[in-house]
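Encoded as structure tokens, the structure appears first; notes follow it.
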Amino acid sequence: MKKLLALLSFILFATALPALAADAPTMSKEELKSRLGSPNLTILDVRSGRDWSSSEFKIQGAIRAPGEQLAVWSKHYPKDKPMVLYCA
Amino acid sequence: MKSSLLLSLALGVSWILSPESLVIAGNISGQTGWLTFPSLIGVVILYGICNRLLRTEGLPPAPGREFLILQHGGGSITATTLCLTACLPLTVLAGTALLVTAGYTFNEVFLYWFPNFGFSFLLLALLTILQLFRKEYGLWLQVCFVGLAMGGLLTLSLCGVFSPDKPASEILRQSTGFSFSSASLLLLLFVGHSTSLEQKARPSSPALTIGFIIFFLWILASLGHVTPEKLATSTIPYMTTARKILGDPGRQLMGVVIICGTCGALNGLIILTRDIVDTLSREKTVPSFLSSKKQRWFLPFFLAAAIGTCMATGLAGDELLESLLRSALILWLLYYSLLCLSAVYWVQKVSASTPYPALFCTLLLIAGSITLVVGDPRRLQMSIFIFSVLFTGGLLSTCWYFIIRYHKHAP
């Protein structure tokens, strides 16, 4: 019974995680398309390894910034301008 | 006889038609321009001379030829270590990399809504289940995979060659530089080409000839349609070229080539690994439960579990996979070079004369392997991996050798 409760708690916690991240603003693809080329917008492709190299789809003008190197590249971009991060 | 030639050919070209080979061929053609052609001819001649050596009369026949030659040159432990380290890491790492590539290709070319990882795992499951049936089924499906991939690639190549975007004179002016390290990369295009199911030794390797024709046409088509800069830096040069040649139908045709090439390469590598392990088991240098004669399911499930773990733990999304895969390919090249060196030693002993051209080619292969490690910016990571794999393989082979000896002499 204890094991079952622990498992249920874990599943609940796991499903709640995306909800915790829900306040990160998202941008629709139509909006992004209309703002492509804008000097005020930075687009970052956070995929790494084969996730990036095997993919044919890369947004024009996007800068490659692998997710695991966040601490390194995040310092180089201004915090007051919008940044679009995509991973798929 | 004819069917064994066809099946040998299907196994021999399995890596040649893999997406990884197409990336290497595309990048090198971008770096060295038209000089890729003489380099490719040089590599094919080099492998051709080595193959002729391995098929010299007096050397043991297939299957198990490779192990016996290596055993003659360096003893049982060395032979077992080299055989195991050439095939196991390559199958696991190439399997991981190729399946992820196939997953992305399927998702981006055919079905947007189908998860790429889902497709990769589905392919892995299907290829693993295939290994549970008789070996003949796997071999005939291999012919289908390879046939489809080859047909698609040749169609694209011929369309590209007969309708180039730029004249041949411009391609000749495009040379962007030649280096021994980039030419050495061409050695990695022909991994496993010498695999043969035929008892009777053939003086030439049909897989090598077919591989040469495929790469020659594909590189010619690539240079005629895409700029060298784009080819040299692209991570998917095959898709860029296919799109330039035939537009969206070209992408779809290349999608079929990539998926069938992945299935062919992985199925071929699993069959090759099983054959090697069966030989080692027959020679009692690895435990008998690894043999497909005893337990058909064990090795395929072990390999599938290793590949699945690598994919699930995110190795595919890590740059580390690229250096590990390159190291695994170099381990195969090292195995092949030492196999040729042992064959030179054998022939020298039997015929009392040294086959100098083959010895020279073998030394070039060894130099190529070293250049591939030293000339790579990830050399430290690669050296650590290569030595760790050789050490672990050597340790396991030694342990098993002494266990068997102990049991033989036990009362």
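The values are calculated or read from the model by the stated rules, or taken from the named source; none is laboratory data. Computed from a predicted structure; not experimentally measured. A quick note on method: Cβ atoms are made from the backbone with ideal geometry, for glycine too, and the neighbour counts reach across all protein chains shown.
Some values worked out for this structure:
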| read-out | value |
| --- | --- |
| Any helices (runs of 4 or more DSSP H) falling wholly within region B:1-89 and containing at least 1 residues that are within 20 Å of B:Val344 (Cα to Cα) and of a type in the set (Phe, Trp, Tyr) | B:36-54 |
| Checklist (1) under 24 Å from B:Ala304 (Cα atoms); (2) without any contact (Cβ under 8 Å) to a residue 12 or more places away in the chain applied to B:Arg65, failing item | (1) |
| Scope region A:39-65; condition more than 30 Å from B:Gly250 (Cα to Cα) and either surrounded by fewer than 13 Cβ atoms within 10 Å (Cβ to Cβ) or within 13 Å of chain B (Cβ to nearest Cβ) (or both); matching residues | A:Pro39, A:Asn40 |
| Some residue of region B:99-106 being more than 10 Å from every other protein chain (Cβ to nearest Cβ), touching a helix residue (DSSP H, G or I) at 6+ places or on another chain (Cβ under 6 Å) and at negative phi | yes |
| Residues of region B:377-406 classified as touching a residue at least 60 places away in the same chain (Cβ under 8 Å) and either more than 23 Å from B:Ile77 (Cα to Cα) or not in a helix (DSSP H, G or I) (or both), total | 1 |
| Filter result for A:Trp73 (within 14 Å of chain B (Cβ to nearest Cβ) and either loosely packed, with under 10 Cβ neighbours inside 10 Å or modelled with pLDDT of 75 or more (or both)) | no |
| Qualifying residue in region B:276-294 (condition: more than 14 Å from chain A (Cβ to nearest Cβ), buried (at least 19 other Cβ atoms within 10 Å of the Cβ), modelled with pLDDT of 95 or more and farther than 26 Å from B:Val143 by Cβ) | no |
| Single residue of B:Leu132, B:Leu127, B:Leu172 found to be surrounded by 16 or more Cβ atoms within 10 Å (Cβ to Cβ) and away from every other protein chain (no Cβ under 14 Å) | B:Leu127 |
| Checking B:Ser179 against (1) surrounded by 22 or more Cβ atoms within 10 Å (Cβ to Cβ); (2) out of contact with any Phe, Trp or Tyr (no Cβ under 9 Å at 6 or more places or on another chain), the condition it does not meet | (1) |
| Qualifying positions in region B:303-319 - more than 11 Å from chain A (Cβ to nearest Cβ) and outside any helix (DSSP H, G or I) | B:Thr313 |
| Looking only at region B:218-247, and only at residues there that are closer than 23 Å to B:Leu98 by Cα and of a type in the set (S, T, N, Q), the one that is farthest from the other protein chains (Cβ to nearest Cβ) | B:Ser222 |
| Selected residue (criterion: nearest to the other protein chains (Cβ to nearest Cβ)) from residues of region A:24-38 that are of a type in the set (Gly, Ala, Ser) and surrounded by 10 or more Cβ atoms within 10 Å (Cβ to Cβ) | A:Ser34 |
| Residue match in region B:37-58 (condition: within 14 Å of another protein chain (Cβ to nearest Cβ) and in contact with a helix residue (DSSP H, G or I) (Cβ under 6 Å, 6 or more places away or on another chain)) | no |
| Single unsatisfied condition, B:Ala306 versus (1) farther than 30 Å from B:Gly75 by Cα; (2) surrounded by fewer than 19 Cβ atoms within 10 Å (Cβ to Cβ) | (1) |
| Test: residue in region B:10-27 that is buried (at least 23 other Cβ atoms within 10 Å of the Cβ), in contact with a Pro (Cβ under 9 Å, 6 or more places away or on another chain), modelled with pLDDT of 95 or more and not small (Gly, Ala, Ser) | yes |
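Residue-by-condition table, conditions (1) in a helix (DSSP H, G or I); (2) under 13 Å from the mean Cα position of the chain (by Cα); (3) under 30 Å from A:Gln69 (Cα atoms); (4) within 14 Å of chain A (Cβ to nearest Cβ):
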position: B:Leu321; (1), (2), (3), (4): yes, no, yes, yes
position: B:Leu324; (1), (2), (3), (4): yes, no, yes, yes
position: B:Ser337; (1), (2), (3), (4): yes, no, no, no
position: B:Leu341; (1), (2), (3), (4): yes, no, no, no
position: B:Ser353; (1), (2), (3), (4): no, no, no, no
